[in-house]
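Questions regarding the structure given below will be posed in turn.
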Amino acid sequence: MRDMYKLKRLIVWMRRMRHSRGFGVQSPYDYGFIRYVVNEHWPYYAYEELQRTVTDIDKRTRKLCRLYFRMANWRQPQVIVDYQPETEAYRHYMQAGCRKAEFEDTGVRSAVELCRMSLKGDYRTFYEEVLKRVDDRSVLIVEGIKRDKNTKAFWEQVTLDKRTGVTFDLYYCGIVFFNKKRFKQNYIVNF
């Protein structure tokens, strides 16, 4: 199983090689986000402790957990919405990234600051609920965007949706911003 992950990761990396570390991104804001949040390689203050306390997760999940940690650390939300998490590890990592954040996982009850959703269950209805509560500072993480043809089609709809702004395709997940003042674009990122 471990060798299969390495092989798939290598194939994905090679296909996206030209999209590494913000190469070709003209917007300083988007470049900084890719470089210093998405693809930050320096170990954060909590990584070592989280490695010891959050066990029994595979490499891909750990990689996503670290991304979610950096996203929470960067955004510093009051509330994090986590829809259909595969593991409690996501919560542990995001909570370590922003200790003040409270979690909503049964639905969207307040303004969306940072939301992670998997493409499981009734995700289309959940997405529509999220869109009713976003503003220019909202960030949505959509996990599993390349899992199958339905999730790929859904991600394409999200990137084309007039209600969304700049999007980032990281293969394992997508990140959506909602600031309409910025030029709408979908970046492919080698994550």
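Tally the DSSP beta bridges in the chain and give the antiparallel ones as a percent, rounded to 5.
On the way: 8 of 24 bridges.
Of the beta bridges lying entirely in the chain, close to 35 percent run antiparallel.
Could you order peptides 181-188, 51-58, 87-94 by the average number of other Cβ atoms within 10 Å of their residues, highest first?
On the way: 181-188: 13.9, 51-58: 12.0, 87-94: 20.2.
Peptide ranking by packing, descending: 87-94, 181-188, 51-58.
For region 139-180, what's the relative contact order in percent, using C-alpha pairs closer than 8 Å and at least 6 residues apart? Walk me through the numbers on the way to the answer.
Values: 62 pairs, mean separation 19.9, N = 42.
About 47 percent, as a whole number.
Could you count how many Lys pairs in region 138-182 have their Cα atoms under 26 Å apart, skipping same-chain pairs fewer than 8 positions apart?
For region 138-182, qualifying lysine pairs total 7.
If amide hydrogens are placed 1.01 Å from N in the peptide plane, which non-local residues have theirs closer than 5 Å to the one on residue 186?
167
Something else about it: Any idea what the relative contact order of region 99-165 is, in percent, if you count C-alpha pairs under 8 Å spaced at least 6 apart? Write out the running numbers ahead of the final one.
Working: 51 pairs, mean separation 21.4, N = 67.
Dividing the mean separation by the residue count of region 99-165 yields 32 percent.
Of the accessible area of the chain, with the probe set at 1.4 angstrom, what percent is carbon plus sulfur? Walk me through the numbers on the way to the answer.
On the way: 5550 of 10510 Å².
For the chain, the apolar C and S fraction of the accessible surface comes to 53 percent.
Sticking with this one: Determine the per residue accessible area of region 100-143 with all protein chains present and a 1.4 angstrom probe, expressed in square angstrom.
Values: 2010 Å² over 44 residues.
Solvent-accessible surface per residue comes out at 46 Å².
Related question: In debye to the nearest 20, how big a dipole does the chain give about its Cα centre with +1 on each Lys and Arg Cβ and -1 on each Asp and Glu Cβ?
Values: 37 positive and 24 negative charges, 158 e Å.
Dipole magnitude for the chain comes out near 760 debye.
While we're on this one: For residue 163 and residue 58 in one chain, what is 0.36 nm times their gap in residues minus the Cα-Cα distance, to one decimal in nm?
Values: separation 105, 0.36 × 105 = 37.80 nm, distance 3.44 nm.
Difference between extended and current length: 34.4 nm.
May I ask you to derive the relative contact order of the chain, considering only C-alpha pairs under 8 Å and at least 6 residues apart, and to give it as an integer percent?
Working: 280 pairs, mean separation 35.0, N = 191.
Answer for the chain is 18 percent.
The values are calculated or read from the model by the stated rules, or taken from the named source; none is laboratory data. These numbers come from a predicted model, not from an experiment. Every residue, glycine among them, receives a Cβ derived from its backbone with ideal geometry; neighbour counts consider all protein chains shown. Calculation scope for accessible area: heavy atoms of the full protein, side chains included, ligands and nucleic acids excluded. Shrake-Rupley method; radii C 1.70, N 1.55, O 1.52, S 1.80 Å.
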